[in-house]
Amino acid sequence: MRVQLYVYDLSNGLARQLSAAFIGIQIDAVYHTSIVMEGIEYVYDGGIRTADPGRTHLGSPMQVLELGTTNLPMDVIMEYLESLREIYTEEAYDLWSHNCNNFSNDFSTFLIGHGIPEHIANLPQTVLNTPLGRVMQPQINEMVRRRQNKNGGLLGIKDQADVPQTQGQRASTVREVNSVVALDKLLKEAEKSCAIIFFTSATCGPCKRLYPVYDEIAEEVAHKAVLIKVDVSKAYDVGAKYNIRSTPTFMTFLRGKEEYRWSGSNPSELKGNINMLIQSAWPSHPHESLPLSALRSASTKPVLFTKLPPLEKLKIKMGPLAQDPGIAGVLQFVASRADDGAAEVTLPDLDAFNISLRTASSTLPPEIMFTIVDLVRVALVDPRFSGYYAEEKEHKTIAPLISYVNSLKECPYSLRLVALQMACNLFTSPLYPTHILNCPTMTGPIVQLITTSLLDDKHHNVRVAAASLSFNIATANSKLRGEEHLEALPEGDQVELGASLLEAISVEEESAEAMKGFLLAFGYLVYCAPKNGELVDLLKSMDAQGTVLGKQKLFPNEALVKDIGGVLLGKGLA
């Protein structure tokens, strides 16, 4: 996919003519930029907006730059764009430090690995470096504020183009089709699950009253059924194929075959029939009816380690490497983000940082290498940063860093600890979990890091961090298991992780915090696991129930012991 930068001049040529005389330096334009791909222009103005390329009230761009090409799937791009919406809000807009060009730079870095031209991205600072620029800054800020209040953004650009939906958005939305070909494609998608077709028509009043109900059901049954709507007054071929004589008419399909057909506008009947269809397509797992109050009441948000280390001390320990351009850029990024907030900082040169990371282990001794890994840890807190590395080709920066830690026969405590914490922070991006769970390049090193850390009897913090990383993986896999009916984490890795957690539970005698982490991770790894899978076989053969219940005396206040040992591994495995 081609990625272009549309460059506009908000001064309409005046900057080129008058800038040298007014502020003492030559400026060719007051740059406003946007990213264009696949026929949509993406711009930051009072939030992230979309438009047909060159069709906003700004007119045609003065220049179109070919930034490069991206092979990222559109689903992934849209997920990343959603994460940017939390940073590029209407309230966060700042003409000098958080503007349209910063958005273009961050989006471009994710898409193709590098940002926009520096003379465009650095223009605000160039102006502020002049005496007149600094004097005029308050007046310009006030002008910007007034325009934002009036227009909802500096330029008043409104959404004009429909953005491609993410996979999650499609799953929870009614899919509208207008041809047999389009309908057949959706039914093909639902061959392993189920689908419902709502046949409607433009003049059908009862149909229109059901639209909100149907939309609500689509959200409720996301990932379990495909809800389709067809207007037979437009899609004549569909009406003819399915012999639709009246509307509203509904048809359900179970695993590719027609299941049931009825007509009528009764919302209760519609909901009841869809519920029965879903129960047939997705029979409840026995674990879903178990009384697991302690397990279910626990938060399933990823455990993150966001505390900022003393950066000056970190730089001193790094030595000369702290002056490396790639390292220095990320140090500045982390410091500015901590001081001014995510909205006030753009991504640094990540190509330069990648080169620095890949060579660091050969230039720093293991006892100092923790400084580099800790820097990555705090940078990953920003979803733009973690999103970039989630989609890096072959994970050739982060995976080798973890493998390096695994390769050390005597890994320093500080390095192992921050490596575990860094891996936890990969979960700040919604893009990373699927790679961590089912990409061998990532899954193997991370599981190895966990299993070699769970039994560290000398360092409580290492065991807790290993439990946290296990929990993040187990809950991510459990979510996909429940929502999309996928076993994303390979069965062999589930067995290895389960066996290691069970052994950690069996030997833990001191730390209530570590025990709670082990039990939570273990519980979510086992919850709703395939009944005839290798993991369940392992748990039975290792007397997992006896192992967990055996911890009651040492940890009498831990409710998860009874939940998991007495219920999940008892009735749940019966």
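Key figures for this structure:
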quantity: Residue ID - farthest from Asn178 (Cα to Cα), chosen from residues in the stretch 209-257 that are open to solvent by less than 50 Å² (accessible area, probe 1.4 Å) and of a type in the set (D, E, K, R); calculated: Lys229
quantity: Residues satisfying the stated conditions in the stretch 1-27, i.e. at pLDDT below 90, open to solvent by 60 Å² or more (accessible area, probe 1.4 Å) and within 19 Å of Ile116 (Cα to Cα); calculated: Leu10
quantity: Single unsatisfied condition, Ile278 versus (1) part of a loop (DSSP other than H, G, I, E, B); (2) modelled with pLDDT under 95; (3) farther than 25 Å from Ser233 by Cα; calculated: (1)
quantity: Count of residues meeting criterion [more than 32 Å from the chain's Cα centre (by Cα) and among the hydrophobic types (A, V, I, L, M, F, W, C)] in the stretch 551-560; calculated: 2
quantity: Positions within the stretch 550-562 being under 18 Å from Ala504 (Cβ atoms) and surrounded by 15 or more Cβ atoms within 10 Å (Cβ to Cβ), in sequence order; calculated: Lys551, Phe555, Glu558, Leu560, Val561
quantity: Of all residues in the stretch 73-106 being touching a helix residue (DSSP H, G or I) at 6+ places or on another chain (Cβ under 9 Å), part of a helix (DSSP H, G or I) and of a type in the set (A, V, I, L, M), the one that is nearest to Pro348 (Cα to Cα); calculated: Leu84
quantity: Failed condition for Ala338, given (1) open to solvent by 20 Å² or more (accessible area, probe 1.4 Å); (2) more than 24 Å from the chain's Cα centre (by Cα); (3) among the aliphatic types (A, V, I, L, M); calculated: (2)
quantity: Exclusive hit being assigned to a helix (DSSP H, G or I), closer than 18 Å to Pro309 by Cβ, free of Cβ contacts under 8 Å to residues at least 12 places away in the same chain and not β-branched (Val, Ile, Thr), set Ser336, Ser362; calculated: Ser336
quantity: Selected residue (criterion: most open to solvent (accessible area, probe 1.4 Å)) from residues of the stretch 341-356 that are in contact with a Gly (Cβ under 8 Å, 6 or more places away or on another chain) and aliphatic (A, V, I, L, M); calculated: Ile355
quantity: Counted residues, the stretch 357-397 - those being basic (Lys, Arg) and open to solvent by 40 Å² or more (accessible area, probe 1.4 Å); calculated: 3
quantity: Hey, Ile278 in contact with a helix residue (DSSP H, G or I) (Cβ under 9 Å, 6 or more places away or on another chain) and open to solvent by less than 60 Å² (accessible area, probe 1.4 Å) or not; calculated: no
quantity: Residue within the stretch 444-463 that is under 21 Å from Gly387 (Cβ atoms), touching a residue at least 40 places away in the same chain (Cβ under 8 Å) and either within 19 Å of the chain's Cα centre (by Cα) or surrounded by 21 or more Cβ atoms within 10 Å (Cβ to Cβ) (or both) present; calculated: yes
quantity: Conditions (1) farther than 13 Å from Phe199 by Cβ; (2) charged (D, E, K, R); (3) modelled with pLDDT under 95; (4) more than 36 Å from the chain's Cα centre (by Cα): number failed by Glu269; calculated: (3)
quantity: Entirely in the stretch 118-163, the helices (runs of 4 or more DSSP H) that have 2 or more residues that are over 35 Å from the mean Cα position of the chain (by Cα) and hydrophobic (A, V, I, L, M, F, W, C); calculated: 123-128, 131-151
quantity: Residues of the stretch 421-477 satisfying the condition of being hydrophobic (A, V, I, L, M, F, W, C), more than 26 Å from Arg296 (Cα to Cα) and not in a helix (DSSP H, G or I); calculated: Cys439, Leu455
quantity: Residue selected from the stretch 164-187 under the condition in a helix (DSSP H, G or I), over 24 Å from Gly272 (Cα atoms) and modelled with pLDDT of 90 or more, by the criterion most open to solvent (accessible area, probe 1.4 Å); calculated: Lys185
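Matching residues to (1) in contact with a helix residue (DSSP H, G or I) (Cβ under 9 Å, 6 or more places away or on another chain); (2) under 19 Å from Ile450 (Cα atoms); (3) part of a helix (DSSP H, G or I); (4) touching a residue at least 24 places away in the same chain (Cβ under 8 Å):
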| residue | (1), (2), (3), (4) |
| --- | --- |
| Glu513 | yes, yes, yes, yes |
| Lys516 | yes, yes, yes, yes |
| Leu525 | yes, yes, yes, yes |
| Cys528 | yes, no, no, yes |
| Lys540 | yes, no, yes, yes |
| Leu560 | yes, no, yes, yes |
| Asp563 | yes, no, yes, yes |
| Gly566 | yes, no, yes, no |
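The values are calculated or read from the model by the stated rules, or taken from the named source; none is laboratory data. The structure presented is a predicted model; accordingly, all values stated were derived computationally and were not measured. Neighbour counts run over all protein chains shown; Cβ positions are idealised from the backbone, glycine included. With ligands, DNA and RNA removed, areas are computed over all heavy atoms of the protein, side chains included. Shrake-Rupley method; radii C 1.70, N 1.55, O 1.52, S 1.80 Å.
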